[in-house]
Amino acid sequence: MSTILKTSITCILLCLPLMLSAQPKKSRVTRPAVTTIAAAAGPTAKATTKKASSAGATGDRAALQFPTSDEMPEDVVWRRDIYRQLDLMQDANAPLYYPVEPSGKNQNLFTYLFRLILSERLTGYQYKLDGNESFDAKDKLDVKDLLDRYYIFYEEKNGKYTVAPTDIPSAEVTRYYIKESNYFDQRSATFKRKVTALCPVLMRGADEFGGEATPYPLFWVNYDDVAGYLNKMPLMASNFNNVKNMTADDYFTLNKYEGKIYKTNNLQGKVLANYCKTDSAMTAEQKRIEDELAEFERSIWAIKVKPENADSLAADSLAAAAKSGKDKKAKEKPKSQSRRSKAVSSDKPQTSSTPRVSVRRQRR
């Protein structure tokens, strides 16, 4: 028994270094003492350090709860950014709009984003006149200015803003501007399309005399900042199946939305409306950009596109050929045969089409 015990202890001691090295690297990282640095810097630095540490803890929790976020690499070899306008009145985009007014836990996307910004869990950024998004600290959204500018009733207490559910203008947000990046990731050899920014658009000014509503873009939101929250927001994406089997993040990640292109990143900074003066020109330009993206994706894998309806054309040509062959056979009439030819053909097949001449006829 003592020999077996000694052998077991020896095996455990030999395997102990391997067991320790198999632990995750993150758990073996020693973090610096935050309290020591804060104590040396003074009371102001203590508050700042405490806030930063709590933000870091929140970020770690969000990363653990949402570990599947796929960030776009900075060193991609090809990338094209386009801006789309989503009309929430379309069926494909309706999951972002309904329910119009929040009811219990059910709320639409704007109500969800608006509450996150009011509670300071999410940072919004100003919408500039050029329409480009900027996620710098100097462009952070002033919540009080937003509420005052668009006449949203609120209550302020200790620097916190509270808006009643009925005062949230979610019914008027019927559009969204989104920025998506189409890029080729050379590391995984895949062509991807990723939403990188969201902007709710408030539509106001429509009257009963047919006047069109005026769009008011409210703010930009960095998609990577809100992806962890969108993963917790269930959506009902079908009229046939009323089960909420999809999250808002799934909706954007799987590109379930439908939107028209209104701008691309270009050297001149132009939008399509600057050089497309008519609706037909705008539609043609949008189709051209979509075709360019599809063609680039096909050219990566050297996929040859067949002509449109090639299978149906081939089937039609075969059917027409068969029909013409039947008609040709039907037009051909069988030749009448004499009794002698029938007898000859039944006895022995003829080798020539010329009639035989008997010897008796030649002697005449």
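All of the numbers you see were taken from the coordinates with simple rules; none came from a lab. Worth saying up front: this structure is predicted, and the values here are computed from it rather than measured. Cβ placement follows ideal geometry from the backbone for every residue including glycine, while neighbour counts extend to all protein chains displayed.
Using the Cα gyration tensor of region 78-275, with a ≥ b ≥ c the square roots of its eigenvalues, what is the shape: rounded (a/c below 1.5), prolate (a/b larger than b/c) or oblate (neither)? Before the final figure, lay out each step's value.
Values: a/c = 1.37, a/b = 1.22, b/c = 1.12.
It comes out rounded by the Cα gyration axes.
Computed extension length for residue 154-residue 76: 23.6 nm, one decimal, from 0.36 nm per residue of separation with the Cα-Cα distance subtracted.
Relative to one another, the C-alpha centroids of region 118-144 and region 199-255 are positioned 18 Å apart. With contacts taken as Cα pairs under 8 Å and at least 6 residues apart, region 78-275 reaches a relative contact order of 26 percent.
Taking the Cβ-Cβ separation of residue 241 and residue 265 as r and a Förster radius of 35 Å, what is the calculated FRET efficiency to the nearest 0.05? The partial results should precede the final answer.
Details: r = 38 Å, r/R0 = 1.07.
The calculated FRET efficiency here is 0.40.
As a proxy for reagent exposure, 233, 282 were ordered by neighbouring Cβ count within 10 angstrom, fewest first; the result is 282, 233.
Applying a DSSP loop filter and a limit of 15 other Cβ atoms within 10 Å to the trypsin sites (Lys or Arg not before Pro) in region 240-287 leaves 244, 256, 270, 277.
Once both labels are positioned 7 Å from their Cα atoms along Cα-to-Cβ, the gap between residue 292 and residue 190 label points is 2.6 nm. Spacing of the modelled spin labels on residue 274 and residue 164, each 7 Å from Cα toward Cβ, amounts to 4.5 nm. The trypsin sites (Lys or Arg not before Pro) of region 119-178 meeting both criteria, a DSSP state outside H, G, I, E and B (loop) and at most 14 other C-beta atoms within 10 angstrom of the site's C-beta, are 121, 128. Long-range amide H contacts for residue 233: which residues qualify at under 5 Å (H placed 1.01 Å from N, peptide plane, sequence gap of 5 or more or a different chain)? HN-HN under 5 Å from residue 233: 248, 249. Under a 5 Å amide H cut-off, with hydrogens placed 1.01 Å from N, residue 202 pairs with 216, 218 among residues at least 5 apart or on other chains. Amide H to amide H distances under 5 Å link residue 127 with 220, where only residues 5 or more positions off or on other chains count and H is placed in the peptide plane.
Could you compute the FRET efficiency for residue 144 and residue 213, with r as their C-beta to C-beta distance and R0 at 30 Å, rounded to 0.05?
On the way: r = 25 Å, r/R0 = 0.84.
Plugging the Cβ-Cβ distance into 1/(1 + (r/R0)^6) gives 0.75.
Along region 256-261 the Karplus relation, 6.51 cos²θ - 1.76 cosθ + 1.60 evaluated at θ = phi - 60°, assigns HN-Hα couplings of 7, 7, 10, x, 8, 6 Hz to successive residues, with x for each Gly and Pro.
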